[in-house]
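These notes are about the structure you will find just below.
Just so it is clear, none of the values below were taken in a lab; they were calculated from the coordinates. Please read all numbers here as calculations on a predicted model, not as lab measurements. Counting neighbours? That spans all protein chains shown, and the Cβs are built from the backbone with ideal geometry, glycine included.
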Ligand code: NAP
Ligand code: ZN
């Protein structure tokens with residue numbers, strides 16, 4: 001018998017979120033049931049519900065930055081025990097057998113990775129995310145959350161953390177590399193902290209200088225305003241790696257010109273609209289324009305351990321279940337410093 005549990009529910013792409021319920025499957029032999037304690041608010045939750053990426057299966061509970069404690073384990077589970085502090089990110093299943101899964105890149109599963117919400121799971125049910133009091137996940141997609149990471153701050157690492165860590169690692173950010181981060185939001189602020197911890201020189205490209213003091217406090221060396229045309233002249237040819245974390249379309253061609261010879265601009269922001277690029281901009285300076293999708297499970301654990309070791313935690317604002325619509329409006333207005341985390345106890349009242 002599936003359990004019916006409290007959750008925050010989207011009923012359509014336009015109506016406010018409401019307090020309701022979702023179903024969770026019984027714990028199977030390979031499953032872990034997690035009592036959720038904290039759930040991060042990712043801009044992807046909003047894109048999804050608003051229909052930016054296509055029609056969705058409503059009613060839907062979103063949320064893929066999930067932290068809590070293990071409440072129950074299946075008979076075949078070996079790596080987790082009741083009481084463990086754990087996390088779940090954007091993935092809850094994949095085929096496990098294709099070349100990409102075997103390479104630890106489950107997010108690029110050739111059969112289609114199963115997202116934490118709004119995806120069709122292997123049993124045919126629609127997955128429901130972490131704005132809820134519990135979740136049942138196969139053990140292979142559960143992460144360990146180190147004790148060194150404050151409990152209420154850990155959740156955003158499960159999406160925003162890995163989404164920025166993975167391209168910084170892949171494109172080898174480190175001492176001697178010049179990294180720029182476009183957009184100082186949930187992803188952007190973690191990109192700054194992680195790139196700084198990796199030893200890179202970090203520049204923030206925000207629309208205005210309103211967040212400059214924050215950017216420097218987060219570990220950036222410099223901050224420039226993209227609304228100032230002079231920025232694009234001053235910084236032309238300056239960066240080895242640029243991470244674009246902006247949730248809306250920007251003039252990507254202008255930003256590509258900020259790359260040095262052989263530099264790469266990695267888009268992690270996922271606006272609905274296309275962003276035109278001139279061939280000449282890429283040809284000149286042998287520039288690359290790339291994308292990156294979250295990270296695999298092993299790399300997500302590596303990121304959590306890296307953050308614990310380097311004392312990295314997101315800057316969070318705690319909110320309650322009944323204020324979720326206000327929180328979403330503030331994310332849309334870029335008025336959050338720098339990630340909302342829902343106190344899931346407020347769903348249990
Ligand atoms: P967020 O907290 O809302 O941050 C986005 C930032 O972009 C804002 O803080 C703002 O920075 C800037 N921005 C917003 N609107 C803008 C506009 N119209 N023009 C220029 N800049 C603007 O969002 P997030 O949760 O970090 O997510 C960012 C994007 O990454 C979303 O599209 C999300 O879906 C995507 N995402 C992708 C992956 C992946 O695997 N690739 C994973 C997670 C999220 P400033 O105020 O500093 O200008
Ligand atoms: Zn996300």
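Taking the number of Cβ atoms within 10 Å of each Cβ as an exposure proxy, the fewest-first ranking of 338, 117 is 338, 117. From the Cα gyration tensor of segment 1-125, with a ≥ b ≥ c the square roots of its eigenvalues, which class applies: rounded if a/c is under 1.5, or else prolate if a/b is larger than b/c, or else oblate? Oblate shape, in that a/c is at least 1.5 and b/c is the bigger or equal ratio.
For segment 1-118, what relative contact order do you get, as a whole percent, if you take Cα pairs closer than 8 Å and at least 6 residues apart?
Working: 232 pairs, mean separation 26.3, N = 118.
Computed over segment 1-118, the figure is 22 percent.
With N counted as the residues of segment 141-279, its alpha-carbon radius of gyration over 2.2 N^0.38 Å works out to 1.03. Note on 283, 342, 66: ascending count of other Cβ atoms within 10 Å places them as 283, 342, 66, the fewest first. Computed from the Cα positions only, the extents of the chain along the three principal axes stand at 62, 41, 37 Å, in decreasing order. For the chain, the longest principal axis of the alpha carbon atoms and the long axis of helix 186-198 meet at an angle near 70°. Available extension along the chain between residue 348 and residue 251 is 30.5 nm, counting 0.36 nm per residue and deducting the alpha carbon span. Counted over all Cα-Cα pairs of segment 191-262, pairs farther apart than 18 Å make up 37 percent.
Over 16 Å apart: what share of the alpha carbon pairs of segment 201-306 falls there, rounded to a whole percent? List each step's numbers first, then the result.
Values: 3526 of 5565 pairs.
Counting every Cα pair in segment 201-306, those more than 16 Å apart make up 63 percent.
Taking the alpha-carbon centroid of each part, what is the distance from segment 113-173 to segment 248-301 in angstrom? Taking the Cα centre of each part, segment 113-173 and segment 248-301 sit 24 Å apart. For the peptides 88-98, 168-178, the ranking by packing is 88-98, 168-178, with the highest mean count of neighbouring Cβ atoms within 10 Å listed first.
Each Cα pair under 8 Å and six or more residues apart adds its sequence gap; the mean of these over the residue count of segment 73-179 is a relative contact order of 25 percent. Each Cα pair under 8 Å and six or more residues apart adds its separation to the average, and for the chain the resulting relative contact order is 18 percent. Set the Cα radius of gyration of segment 76-165 against 2.2 N^0.38 Å, with N its number of residues, and you get 1.11.
Ranked for footprinting exposure by Cβ neighbours inside 10 Å, fewest first, 1, 198 give 1, 198.
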